[in-house]
Amino acid sequence: MDDIFCKIIRKEIPKEFIYESENLVVFPDINPSADTHLLIIPKKHLGGIQDLTKENKDLLVEIYSVVNMLVKQYNLSGNLYRVVVNGGKAQHVPHLHFHLLGGVWKKFI
Ligand code: 5GP
């Protein structure tokens, strides 16, 4: 696929990853909406929530365990934090991704 996240995952566009596993990458949002704004992105191309099936069960568990790890790493547990997945017209990059937002909000995403 040719979306920006696929290109980053294939390392065609240089990007420093905060975390990488066989299935996921994590890096900061280029245009942060909060003090902490990280993107957790499956390497496998899924267009969005609409492409999730029971086959992605393990992937979803891995995503939320990485969220948990990041919450600890960024000291968010005693702070405000939220996980957001945009869909439909609220989604701008057509590759499933999870936003982890923490601390003070700058804008609505
Ligand atoms: P969406 O609206 O699809 O849920 O969110 C897409 C997010 O990806 C936006 O918050 C946007 O700032 C971020 N984004 C788009 N292109 C890039 C990029 O090239 N690098 C990074 N780090 N973030 C990006």
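In whole Hz and in residue order, list the ³J(HN,Hα) couplings for region 64-78 that follow from phi through the Karplus curve 6.51 cos²θ - 1.76 cosθ + 1.60, θ = phi - 60°; x for Gly and Pro.
6, 6, 5, 4, 4, 4, 5, 4, 6, 4, 9, 6, 8, 5, x
If you keep only loop residues by DSSP, which GluC sites (Glu not before Pro) in region 1-87 have at most 16 other Cβ atoms within 10 Å of their Cβ?
Glu12, Glu16, Glu22
Please report the relative contact order for the chain, taking Cα pairs under 8 Å with a sequence separation of at least 6, and give it as a percent rounded to a whole number.
It comes to 34 percent, rounded to a whole number.
So, R0 is 22 Å and r is the distance between the beta-carbons of Glu12 and Val83; what FRET efficiency does that work out to, to 0.05?
Between Glu12 and Val83 the formula returns 0.20.
Once phi is turned into ³J(HN,Hα) by the Karplus curve 6.51 cos²θ - 1.76 cosθ + 1.60 with θ = phi - 60°, what whole-Hz value does each residue of region 34-50 show in order, with x for glycine and proline?
My calculation for region 34-50 gives 8, 3, 10, 9, 10, 10, 10, 10, x, 5, 5, 6, 10, x, x, 3, 4 Hz in order.
Which order, highest average first, do 47-54, 74-81 follow once you tally other Cβ atoms within 10 Å for each residue and take the mean per peptide?
The densest-packed peptide leads the list: 74-81, 47-54.
In terms of the Cα gyration tensor, with a ≥ b ≥ c the square roots of its eigenvalues, is region 4-105 rounded because a/c is under 1.5, prolate because a/b exceeds b/c, or oblate?
Since a/c stays below 1.5, the shape of region 4-105 is classed as rounded.
How large is the dipole of region 1-67 about the Cα centre if only Lys and Arg carry +1 and Asp and Glu carry -1, each at its Cβ, rounded to the nearest 20 debye?
The calculated dipole for region 1-67 is roughly 120 debye.
Values in this text are rule-based calculations from the coordinates and carry no lab data. Everything numeric here is computed off the predicted structure, so don't read it as measured data. Note that each Cβ is placed from the backbone with ideal geometry, even for glycine, and that neighbours are counted across all protein chains shown.
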